[in-house]
1. Counting Lys and Arg as +1 and Asp and Glu as -1, what is the net charge of the other residues whose Cβ lies under 10 Å from the Cβ of CYS273?
2. Rounded to the nearest 20 debye, what is the charge dipole size of the range 210-298 about its Cα centre when +1 sits on each Lys and Arg Cβ and -1 on each Asp and Glu Cβ?
3. Work from the charge dipole of the chain (Cβ charges, +1 for Lys and Arg, -1 for Asp and Glu, about the Cα centre) and give the residue of PRO359, LEU50, ALA261 farthest towards its positive end.
4. Distance in nm between label sites at THR302 and SER257, each 7 Å beyond Cα in the beta-carbon direction?
5. Test of understanding: what is the full-extension gain from ILE461 to THR160, defined as 0.36 nm times their sequence separation minus their Cα-Cα distance?
6. Assuming a ≥ b ≥ c are the square roots of the Cα gyration tensor eigenvalues, decide whether the range 210-298 counts as rounded (a/c under 1.5), prolate (otherwise, with a/b larger than b/c) or oblate.
7. In nm, give the distance between the simple-model label positions of THR37 and SER434, each being 7 Å from the Cα along the Cα-to-Cβ direction.
8. What are the residues whose amide H is under 5 Å from the amide H of LEU39, where those residues sit 5 or more places off or on another chain and H is modelled from the backbone?
Amino acid sequence: MKKTIIAAALLLSAVCYGQKTEGLDPLIQNVYGREYTLLNGYWNYFADPLETGYYNYRRKPDPNGFFLDKKVDNVTTWKEYDFDLSPVMGIPGDWNTQDEKLFHYEGMVWFRQKFHATKDDSAKQYLYFAASNYLTRVFLNGKYVGTHEGGYTPFNFDVTDKLADGENTLILAVDNKRLPERIPTIICDWFNYGGITRDVLLVKVPQDFIRTYKVGLKQGTDDIVSAEVRLNSKEAGKEVRLSIPELKIELTGTTDSEGVAKFEKKAKISLWCPESPKLYAVSISAGSDSIDDEIGFRTVETRGTEILLNGKPIFLRGISIHEEAAFRSGRIAKVEEDRILLNWAKELGCNYVRLAHYPHNEQMVREAEKMGLLVWSEIPVYWTILWDREDVYANALNQLDEMIERDINRCNIVIWSIANETPHGDARDRFLSSLAKYAREKDPSRLISMAMERNDKSAEILSVRDNMSEYVDIISVNQYVGWYDGTNEKIDRVSWEIDYDKPVMISEFGGDALFGKHGTETDIWTEEYQADLYRKTIRMIEERMSPHISGMSPWVLKDFRSARRLLPQTQDGFNRKGLVSDRGERKQAFYILQDFYKKKSHETE
Ligand code: GCU
């Protein structure tokens, strides 16, 4: 039902504000557990800054666009593009770091991949895109398939009837322009990596298949497995089987008129936790379809100012992470690059990571789950969003829905975040409170938060007062005393007045340091300054905030590219708040935080 509401909102917005997300089919969950062909590889591409391949000279969609990949004889017929004569680029991968002419390019790029497929009347076949930044128009064999808006969530199209038996031509027009009405909007402090940045798959499923499922603990229990399995067709009476051998669960159910089968069974479960990230093999089958997954069980809730994991208070020892590969500083394109960042988080002593400021790739979440890292997952509703535009809201809602749909079975995700550092206002409150309400209805098993900003009582009595505090489960605040607010000496002078009967987390603090730049603790940009900022902030948290603070995710694990950071010989296009440099070198502050987390972990063990 809710997906219908979203589709209606999107359709309305597409009609009202020009073409945006359209033609999507409901998302297939756990695609890597299905029969698929990876369409990754070297795709032909070329930039089209005036979007000539899509619009005619009257700026109307051109039926003879580049997506036809026309064959011409250059005698009686001609064209002004040629994929065969164009270079190739590695997919998945951003275009910025694969072609130096496109490093700062923001506009449309055309991509083409040819692949073989076999039509199969007993099956449905979908094109699944794990992510493509930002607006992606998809064409198959010269026919328009659909459009997706948003750069960090998956989307798929049923192409069963558009596939050719044998060779197929898949063409994408990807546009990564920053625009005020987009999400994220025209300014953000991370690099606008454009292109097909995650896997592309051709997924084959039976005509009747298991589209999504949710397997977890029944709300309020820690020993009752609860499962909902949704088939692609809304037919009652279809048999569905759920098997979790290690829990001696073998259940058979039947679907209701919505195509949903529900299960519940008491079991003696080893609950997932950072110290013991236990996952169970789960198999679900219906008709000729079956899907396997690895699923953990845990409870998460709040009690006053505490966060409880499996009923016990936990301090979230976190770090914020951007999805940027270490060493090469490009959008992450493979799981090995996820593991490097997550291993650094483990080395820090983290039990939690804030995956900022957008949903990271699926493997990042799954690897974190296996490694015992709790996750804060966030949609890029960041800074100055156009709060009073319905199409912008529909886009945010769709990205939120796609984020939850994809990862609803990842037990290590405990927080859905709906925003970062957004300016107070009635329109913003309406926009965000609606998102929070939607997230809570869609997934009541997780906590809702957002990264707020300080709203102080005075220069030295700091506070967090935000109308959104009533809509979130955890009050999270980004605070930069010592960097954007005074220098480090101010940290020892401030006090906090936080009067919520809810957990409070510090979702960001930090300061820039260029690895290898040394000086005194008062010398800005040095490792010593950054280390002193961490030392003083940790003391502030421990001595003048600790009754309220339930976790923290300092900004940031690794230096990352940002076009906002221009200081030559220090930033050079990088935000230098990393505890690790872009070349993997650990700064002094890394060890300050590591010592603190080691102490914290002994406190709670
Ligand atoms: C902000 C913002 C981050 C940004 C950081 C900074 O709080 O949330 O995205 O990178 O501060 O200024 O370094």
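1. In short, +2.
2. The calculation lands at about 160 debye.
3. Toward the positive end, the furthest listed residue is ALA261.
4. According to this spin-label approximation, the distance is 3.8 nm.
5. 102.2 nm
6. Prolate.
7. Label at THR37, label at SER434, 4.2 nm between them.
8. Hits under the 5 Å cutoff: VAL200, LEU201, LEU202.
The values are calculated or read from the model by the stated rules, or taken from the named source; none is laboratory data. Quick caveat, the model's predicted, so the values are computed rather than measured. Reconstructed Cβ throughout: ideal geometry from the backbone, glycine too, with neighbour counts over all protein chains shown. Remember, those area values only see protein heavy atoms, side chains included, never the ligands or the DNA or RNA. Shrake-Rupley method; radii C 1.70, N 1.55, O 1.52, S 1.80 Å.
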